[in-house]
Amino acid sequence: MAALLLLPASAAMAGWKLQHAFDFAGTGTLDPAFWSLETGLLRNQESQYYTPANVSVEAGFLRIEARREQVPNAAHRPGARGWRSKAANAQYTSGSIASQPAFLYGRFEIVARSPGGAGVWPAIWLLHESAGQYGEIDVHESVGKHPDTVFAGVHFGRTPNTRQHRNASRVVPGFEGSWRTHVLEWTPERIAVSLDGQPLMEFDPRSAAGGGIDPLRRPMRLRINLALGGTWGGAIDDSRLPARLDIASIRIWRWEPGAGEASTPPLQAAHAASEPSPQVPRWGR
């Protein structure tokens, strides 16, 4: 696994400054000063209840595990109609972590192994959410109903009903269950996502600005989670559970003005897929 953790030459060439490095070999816990663990039913009408118990560091990597198990829903209110609070119990659990510091620009490199199976929905993403504007960068998403397909995207706007979406996808045979390197390079003029050093998506964050908002050039927190079901994940195949999203390393470089723009090759904005692209969700993560 050590070979997976080598510093890419492109990062050194770009002039990025390494700020945080989490290599999970030999580490028993997450750094509580940096990471927070989410709890509850949170997003997209997903089926899983997030709990800290589903996040562990073992065998040289960070593991987020989704399980079929019943747990009480702390948000339950008798007679409630909202999906977060109407059920007394959730039938699935999983894990989600988020960085406590927010980042404005940077290079994010995550070496991960994603699960397969109907209903699984692993994601690595950054989020800015404040009154009147929403910005999201999806470094990696996949859903089991589209086997071996990798998605990246951005979502931005004022409200859920008016958000705009730009997405890219690629079919990568053998992706599920194999170690892959996901990279985001984010500067004031460029959002570029790559997989194993190959360009996947590029977007100019300036084009999301307007009407007094600039949602893709605002501080964001890094999130990593494994969802089940929900508005995009779809029906869950219980026979494929437990499902596991494993992370070997996370590295974050600070961007400085003038760094990274000229020396990093431009990525292609077009889809790169070996077969027709499946349906991409038209909502924020």
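Checked against the criterion of being among the small types (Gly, Ala, Ser), over 14 Å from the mean Cα position of the chain (by Cα) and over 23 Å from Arg254 (Cα atoms), the candidates Ala102, Ala118 yield just one match: Ala118. Selection of the range 111-144 for residues being under 22 Å from Phe156 (Cβ atoms) and of a type in the set (A, V, I, L, M, F, W, C) yields Trp121, Ala123, Ile124, Trp125, Leu126, Leu127, Ala131, Ile137, Val139, Val143.
Restricting to the range 158-179, what's the tally of residues that are open to solvent by 10 Å² or more (accessible area, probe 1.4 Å), touching a strand residue (DSSP E or B) at 6+ places or on another chain (Cβ under 6 Å) and modelled with pLDDT of 95 or more? Total satisfying the criteria: 8. Taken over the range 210-222, the residue count meeting the criterion of being under 22 Å from Val55 (Cβ atoms) and buried (at least 21 other Cβ atoms within 10 Å of the Cβ) is 2. Could we say that Tyr92 is outside any loop (DSSP other than H, G, I, E, B), at pLDDT 95 or above, under 19 Å from Leu241 (Cα atoms) and out of contact with any helix residue (DSSP H, G or I) (no Cβ under 7 Å at 6 or more places or on another chain) here? Yes: the conditions hold for Tyr92.
With the condition kept exactly as written, say whether any residue in the range 145-155 is in contact with a helix residue (DSSP H, G or I) (Cβ under 8 Å, 6 or more places away or on another chain), over 30 Å from Ser239 (Cα atoms) and open to solvent by less than 50 Å² (accessible area, probe 1.4 Å). Yes, the range 145-155 contains at least one residue that is in contact with a helix residue (DSSP H, G or I) (Cβ under 8 Å, 6 or more places away or on another chain), over 30 Å from Ser239 (Cα atoms) and open to solvent by less than 50 Å² (accessible area, probe 1.4 Å).
Just to check your reading of the model, which residue among Arg63, Arg107 is open to solvent by less than 50 Å² (accessible area, probe 1.4 Å) and in contact with a Lys or Arg (Cβ under 7 Å, 6 or more places away or on another chain)? None of the others qualify; the one that does is Arg63. Only a single item in (1) open to solvent by less than 60 Å² (accessible area, probe 1.4 Å); (2) over 26 Å from Val172 (Cα atoms) is not met by Ala74, and it is number (1).
Residues checked against (1) part of a helix (DSSP H, G or I); (2) at pLDDT 95 or above; (3) closer than 30 Å to Gly230 by Cα:
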position: Ala3; (1), (2), (3): yes, no, no
position: Leu7; (1), (2), (3): no, no, no
position: Leu18; (1), (2), (3): no, yes, no
position: Gly26; (1), (2), (3): no, no, no
position: Leu30; (1), (2), (3): no, no, yes
position: Ala33; (1), (2), (3): no, yes, no
position: Ser36; (1), (2), (3): no, yes, yes
position: Leu42; (1), (2), (3): no, yes, yes
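Within the range 249-257, is even one residue within 15 Å of Ser94 (Cα to Cα) and either among the charged types (D, E, K, R) or part of a helix (DSSP H, G or I) (or both)? Within the range 249-257 (the criterion being within 15 Å of Ser94 (Cα to Cα) and either among the charged types (D, E, K, R) or part of a helix (DSSP H, G or I) (or both)), the answer is no, since none of the residues qualifies. Looking at Ser207, Ser194, just one residue is hydroxyl-bearing (Ser, Thr, Tyr), touching a strand residue (DSSP E or B) at 6+ places or on another chain (Cβ under 7 Å), open to solvent by 10 Å² or more (accessible area, probe 1.4 Å) and not in a loop (DSSP other than H, G, I, E, B), and that residue is Ser194.
In the set (1) small (Gly, Ala, Ser); (2) more than 20 Å from the chain's Cα centre (by Cα); (3) at pLDDT 95 or above, Ala248 fails one condition alone, (2). Within the range 25-57, the set of residues being over 24 Å from Glu69 (Cα atoms) and open to solvent by less than 20 Å² (accessible area, probe 1.4 Å) comprises Phe34, Trp35.
Within the range 75-116, the set of residues being without any contact (Cβ under 8 Å) to a residue 40 or more places away in the chain and among the acidic types (Asp, Glu) is empty.
The values are calculated or read from the model by the stated rules, or taken from the named source; none is laboratory data. Bear in mind the structure is a predicted one, so any value in this text is a computation, not a measurement. A quick note on method: Cβ atoms are made from the backbone with ideal geometry, for glycine too, and the neighbour counts reach across all protein chains shown. Note: areas computed on protein heavy atoms with side chains; ligands, DNA, RNA excluded. Shrake-Rupley method; radii C 1.70, N 1.55, O 1.52, S 1.80 Å.
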